[in-house]
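The structure's right below; bear with me while I get my questions together.
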Amino acid sequence: MKIIHRASLAIRLNDIGFKTSVKGAVILFNNEQKPYVLKSDGNYVFYDLEPMNYKVSVECNGYVDLEFEVNIRENEVKQVMFDMSYSTKNSSILSIPRFNFKLKQKELSNVMINVILMDSTNLKIIEPAPKNSEMVKLNLEDDKSLILQNYICLSKTAKTKMFLMGYDASTKSYILNEPLSEDINENFKIYTCWDLKTNSDGSIIIPYVNRFMKDMEKINFLFSFNEIRRKGTVITEKYERNNKEMMINTRKTKKELNF
C-alpha cells in the first residue's frame, strides 16, 4: 500500500534581472525527478514528499545551474525562493544593459558570490523591527519595484539580510521571505545585493537595474567569497537616444577581478 506523505515544497525561481518567474526548469531531488505542479504564480510545487534531507539541483537553459539542500519534515509545507544567475550563453540578455565581471582564479568557477551595490538606496527603516520579525516598515510604501529583491542592512555594529517578498497594505509593511536575524532600526543603511553563481569560466553577469542605478556616473560593487572581499567599479557613459541624454552604456562593460 502506498504511503501518502503530507509534506510539500514550493520552489520559486526568479530571473535575476527581470524578476519574472523562470519556467522550463529541470529539477532533481537526489538525482531523481519528481512530479510537480507549476502554479500561475510561478511556483514549482512538489507534493507528497517523503520527509528527509534532499539535495536539489536545478537546470534551465540560459541560466547557471543551481544546487541547494533542503530538509523536509513530515506534514511540512515549505517554500524556497532563488534568483537564477545568467549564463554567458543566454542570448536573451544580449540587448539589455548589464555588467560582466570575470573572477580570474580557477577555484572561483561555479561558486556562489555575494555582490553588494555599495551606493546605499533611498530606502529608510521608519520603525524599529526586532530580531525574528517577518515584516518591516520602510519610507516608501507599496513600491512594487522593491519586491523580489535582496537587501543588506548595515549599521556600525551589525548587519542582516532581508528579502522583500510582498507588501501588506493593512499594516503598511513589507513581507520578508525569512525572519530578521538581527534587530534593525532607523540607524541602519540599506544596500541592494545579489547572490550570484559564477559561470564555468569564473564570470558573473549583473543586470543594470534602473531602480537602483539610475543617473549614477560611477557604480561601485563589493564582491564577497568566503572571507575574501574585492571592489569593482564601473564608469558609465553618456549617450543619446531619441534626442534625450542617457546615463548608461554598459552593454560592452567587462571587468576582471583578481581574488
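The values are calculated or read from the model by the stated rules, or taken from the named source; none is laboratory data. Everything numeric in this text was worked out from a predicted model, so none of it was measured. Here the Cβ positions follow ideal geometry from the backbone for every residue, glycine too, while neighbour counts run over all protein chains shown.
To keep it simple, each residue is scored yes or no on (1) surrounded by 13 or more Cβ atoms within 10 Å (Cβ to Cβ); (2) closer than 28 Å to ILE190 by Cα.
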{"site": "GLY24", "(1), (2)": "no, no"}
{"site": "ASN31", "(1), (2)": "no, no"}
{"site": "PHE46", "(1), (2)": "yes, no"}
{"site": "GLU50", "(1), (2)": "no, no"}
{"site": "ILE72", "(1), (2)": "yes, no"}
{"site": "ASP83", "(1), (2)": "yes, yes"}
{"site": "MET112", "(1), (2)": "yes, yes"}
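Name the single residue that is surrounded by the most Cβ atoms within 10 Å (Cβ to Cβ) among those in the stretch 159-173 being of a type in the set (A, V, I, L, M, F, W, C) and not in a loop (DSSP other than H, G, I, E, B).
MET162
Only one of these conditions is not met by TYR191: (1) aromatic (Phe, Trp, Tyr); (2) modelled with pLDDT of 90 or more; (3) surrounded by fewer than 15 Cβ atoms within 10 Å (Cβ to Cβ). Which number is it?
(3)
While we're here: When both residues are 6+ apart or on different chains and their Cβ atoms are under 7 Å apart, which pairs have a first residue that lies in the stretch 151-174 and is in contact (Cβ under 8 Å) with a residue 40 or more places away in the chain, and a second that is β-branched (Val, Ile, Thr) and buried (at least 17 other Cβ atoms within 10 Å of the Cβ)?
TYR151/ILE190; TYR151/THR192; ILE152/ILE116
Given the criteria touching a residue at least 40 places away in the same chain (Cβ under 8 Å) and either of a type in the set (Asp, Glu) or within 21 Å of LYS19 (Cα to Cα) (or both), does ILE184 qualify?
Spelling it out, it is not the case that ILE184 is touching a residue at least 40 places away in the same chain (Cβ under 8 Å) and either of a type in the set (Asp, Glu) or within 21 Å of LYS19 (Cα to Cα) (or both).
Are there any pairs with C-beta distances below 7 angstrom linking a residue in the stretch 202-222 that is farther than 9 Å from LEU117 by Cβ and surrounded by fewer than 16 Cβ atoms within 10 Å (Cβ to Cβ) to a residue that is of a type in the set (Gly, Ala, Ser) and modelled with pLDDT of 85 or more, with the two at least 6 apart or on different chains, and if so which?
ARG211/SER145
Of all residues being surrounded by fewer than 16 Cβ atoms within 10 Å (Cβ to Cβ) and aliphatic (A, V, I, L, M) in the stretch 127-158, which is nearest to ASP183 (Cα to Cα)? Just the residue, please.
The qualifying residue nearest to ASP183 (Cα to Cα) is ALA158.
Name the single residue, out of those in the stretch 185-216 being closer than 14 Å to SER120 by Cβ and part of a strand (DSSP E or B), that is nearest to the chain's Cα centre (by Cα).
CYS193
Moving to a separate point now. What number of residues within the stretch 59-86 are within 13 Å of LEU196 (Cβ to Cβ) and in contact with a helix residue (DSSP H, G or I) (Cβ under 9 Å, 6 or more places away or on another chain)?
The number of residues fulfilling the criteria is 1.
Please pick out the residue among ILE72, ILE116, ILE93, ILE126 that is touching a Lys or Arg at 6+ places or on another chain (Cβ under 6 Å) and in contact (Cβ under 8 Å) with a residue 12 or more places away in the chain.
ILE126
For the structure I just gave you, tell me whether SER91 is out of contact with any Phe, Trp or Tyr (no Cβ under 7 Å at 6 or more places or on another chain), under 19 Å from GLY17 (Cβ atoms), of a type outside the set (A, V, I, L, M) and loosely packed, with under 15 Cβ neighbours inside 10 Å.
yes
Now a separate question. Which condition breaks for TYR151 when tested against (1) in a loop (DSSP other than H, G, I, E, B); (2) within 23 Å of SER85 (Cα to Cα); (3) modelled with pLDDT of 90 or more; (4) not small (Gly, Ala, Ser)?
Of the numbered conditions (1) in a loop (DSSP other than H, G, I, E, B); (2) within 23 Å of SER85 (Cα to Cα); (3) modelled with pLDDT of 90 or more; (4) not small (Gly, Ala, Ser), the odd one out for TYR151 is (1).
Restricting attention to the stretch 39-77, and to residues there that are among the hydroxyl-bearing types (Ser, Thr, Tyr) and closer than 22 Å to ARG6 by Cβ, which single residue is farthest from the chain's Cα centre (by Cα)?
Checked the stretch 39-77; the qualifying residue farthest from the chain's Cα centre (by Cα) is TYR47.
Taking ASN61, is it of a type outside the set (Val, Ile, Thr) and without any contact (Cβ under 8 Å) to a residue 40 or more places away in the chain?
The answer is yes for ASN61.
Inside the stretch 6-26, can you point out the residues that are over 23 Å from PHE163 (Cα atoms) and either in a strand (DSSP E or B) or not charged (D, E, K, R) (or both)?
ALA7, GLY24, VAL26
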